[in-house]
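Here is the structure we will look at, set down as structure tokens.
The values are calculated or read from the model by the stated rules, or taken from the named source; none is laboratory data. This structure is a prediction, so every number in the text was calculated from the model and none was measured. All Cβ positions, even for glycine, are placed from backbone atoms using ideal geometry, and neighbour counts span all protein chains on display.
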Amino acid sequence: MKTLGLLIHGPEVIDEGEAEEAIERLKGSGFELEAALGGITGKTAVIDAGLRHVIDISKDSKPSEVVYDFVNCRLDFILLLNHAKTEESGLMLGEGILRYFIDRGGAKGSLSFVQLEYSNRIIIPWFLKQRDIYRQLT
């Protein structure tokens, strides 16, 4: 089964149990995962939730740097897990991460990038290189 890159942003998605739920569901569906924290504000939440063995917090990477790391490791289907304060701020986050990735030489066609925005429980398919995996997720 395909290995997915799981980019986790912020403490809210961890504190609310949403990251752990997503990890369990994805693994239960047969996916392998490489999970990493993007940004530093969620580090304590990962530790408190006992998820250090599941979510990589060893680097203090910006979310866009995590995207680069995943793509460089050939993890080209990336899920962003976030729980923003508003739908608008969640959309701005996803767009900003992708803009930063593209502005620094990342190619749109090099990855699938899907945002799971828990503030309003929506799925945002920003880029879909692999539609078959997306269909399995939805």
Which of the residues that make up the range 119-138 are over 20 Å from A19 (Cβ atoms), in contact with a helix residue (DSSP H, G or I) (Cβ under 7 Å, 6 or more places away or on another chain) and either touching a residue at least 24 places away in the same chain (Cβ under 8 Å) or assigned to a strand (DSSP E or B) (or both)? F127, K129
Keeping to the range 106-124, report how many residues are over 18 Å from T3 (Cα atoms), at pLDDT 90 or above and surrounded by 12 or more Cβ atoms within 10 Å (Cβ to Cβ). 6
Every residue from the range 75-98 that is more than 21 Å from G17 (Cα to Cα) and either surrounded by fewer than 12 Cβ atoms within 10 Å (Cβ to Cβ) or touching a Pro at 6+ places or on another chain (Cβ under 8 Å) (or both): E88, I97
One residue from L75, L116, L93 being in a helix (DSSP H, G or I) and in contact (Cβ under 8 Å) with a residue 40 or more places away in the chain: L93
Search result, residues across the range 37-46 that are surrounded by fewer than 20 Cβ atoms within 10 Å (Cβ to Cβ) and either aliphatic (A, V, I, L, M) or in contact (Cβ under 8 Å) with a residue 40 or more places away in the chain (or both): I40
Among the candidates E20, E34, single out the residue that is part of a helix (DSSP H, G or I), surrounded by fewer than 21 Cβ atoms within 10 Å (Cβ to Cβ) and out of contact with any Pro (no Cβ under 7 Å at 6 or more places or on another chain). E20
Suppose we filter the range 47-74 for residues that are of a type in the set (A, V, I, L, M) and buried (at least 21 other Cβ atoms within 10 Å of the Cβ); how many remain? 3
Of the residues in the range 25-53, those that are in contact with a Gly (Cβ under 6 Å, 6 or more places away or on another chain) and under 22 Å from N72 (Cα atoms) number 1
Of everything in the range 57-72, what is touching a strand residue (DSSP E or B) at 6+ places or on another chain (Cβ under 9 Å), in a helix (DSSP H, G or I) and not small (G, A, S)? Give them in sequence order. P63, E65, V66, V67, D69, F70, V71
